[in-house]
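First comes the structure, then the notes that go with it.
We did not get these values from a lab; they are worked out from the coordinates using the rules stated. Given the structure is predicted, the values throughout are model-derived calculations rather than measurements. Backbone-built Cβ (ideal geometry, glycine too); neighbour counts: all protein chains shown.
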Amino acid sequence: MRKQLRLLTRIAVGVCLFLLTSCAPAQTVTEYGELNDPGLKWHMTPQEVFKALDKDESDFQIKEIGTAGDLDYEKSYTIDGSLFGNDAEIQVSFFPTADGNDMALWAVSVYLPEASEENYTVLLQTVEKEFANQKADVQKAEYVNQIIVSEDGNESLKQVLPNKEVYDAENVIGFEKGCRFCSVTQTTDLSQEMQERFKEGADAFYKEHPTETPVQELQQQTLNSVTLSYTERKDDSDASFFLVSFNGSGICTVLKYANL
């Protein structure tokens, strides 16, 4: 399941970068709550997330990747909870702040085991309603992928038309259908003040870390994204589940340096 969570997060970021080519008016992001699990804000510390979820750190399962001196270091916390009234497993993922004194929330992945294709539409409408409440300006793209198994047992995904019969061959053991939402606003659409804060913070960081390759300028990237998917398998696992992956890598890249 966690492998699926990480895969979907990477897919969501890549698709949003492909989809969003238009520019939005300059904005100053102040609350950093857009396109996030309700009640959470991007770049929260673990302690702030625990408080928002009304939990203690000891309530979570902890997974660490990398070492304290590694810029790719990540810490994830997993706990049983709920999303939009549905029982779920919630994984909150953190990366180090630029000063190295704390961790900051960059991604939230929610696994819902009670799922059916019929309920997918209901959950999709709920997610869209939440975005409307957040006044989030998004672009969306729906997709359907066949899950194909080869003779050697390896699996791959093949994108097909939404109205196609997915079980059209013996090697198709399931499918995933989903919708990706990407914020229209790009990092380069942020206010001049925010971009200047980013540049000043990045310059200060790389002055203190001369062995690292410096950031030359703010790269255009969607601020945040969400992927909602329904997966059904007809193999030995006979599983079906929802995944909702919230990704804030764009805004968090800015905040990492702008908050120095």
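In table form, for the structure just shown:
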| quantity | calculated |
| --- | --- |
| Relative contact order [Cα under 8 Å, 6+ residues apart], the stretch 124-260, whole percent | 24 percent |
| 29 Å Cα-Cα reach of Lys135 towards lysines, excluding residues that sit fewer than 8 places from it in its own chain | Lys41, Lys51, Lys55, Lys177, Lys199, Lys256 |
| Which of Glu74, Glu151 has the fewest Cβ neighbours within 10 Å, and the rest in rising order | Glu151, Glu74 |
